[in-house]
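Derivation of every value follows stated rules applied to the coordinates shown; laboratory data play no part. Predicted model, so just to flag it, every value in this text is computed and none were measured. All Cβ positions, glycine included, derive from the backbone under ideal geometry; neighbour counts span all protein chains shown.
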Amino acid sequence: MIYRISEFADKCGVNKETIRYYERKNLLQEPHRTEAGYRIYSYDDVKRVGFIKRIQELGFSLSEIYKLLGVVDKDEVRCQDMFEFVSKNKRKCKNK
């Protein structure tokens, strides 16, 4: 399924500015665009925003979420010291 930004934001339960902000912070990859220049998003993008929102509810900051998404994105730089990062933040998750 393909969504334009308004549909995508509604599906994710956020507003369009949040989507654009996530793009600027590299939490979402630059979306594909139609020939007319409209952003288009996939169901995988919906799942990614859902993950971001769930992790925020656990108390993680967007910069911490960016680091965690390094695993999904297979980014070696962001994955450095991941064991230490997860161990440090394990208590956050247990308390929620």
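Key figures
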{"quantity": "Computed over the range 7-55: relative contact order in percent, which uses C-alpha pairs under 8 Å that are six or more apart", "calculated": "32 percent"}
{"quantity": "Computed over the chain: relative contact order in percent, which uses C-alpha pairs under 8 Å that are six or more apart", "calculated": "23 percent"}
{"quantity": "Chain lengthening between GLU7 and HIS32 when straightened (0.36 nm per residue, less Cα-Cα)", "calculated": "7.5 nm"}
{"quantity": "Tensor-based shape of the chain (alpha-carbon gyration tensor, a/c under 1.5 rounded, otherwise prolate or oblate)", "calculated": "prolate"}
{"quantity": "For the range 26-41, 3J(HN,Hα) per residue [Karplus equation, 6.51 cos²θ - 1.76 cosθ + 1.60, θ = phi - 60°, Hz, x = Gly/Pro]", "calculated": "6, 7, 10, 6, 4, x, 5, 10, 6, 4, 7, x, 6, 5, 10, 10"}
{"quantity": "Neighbourhood charge, 15 Å Cβ-Cβ cut-off, centred on ILE5 and excluding it, Lys, Arg +1 and Asp, Glu -1", "calculated": "+2"}
{"quantity": "Check: the chain dipole with +1 on Lys, Arg Cβ and -1 on Asp, Glu Cβ, in debye", "calculated": "480 debye"}
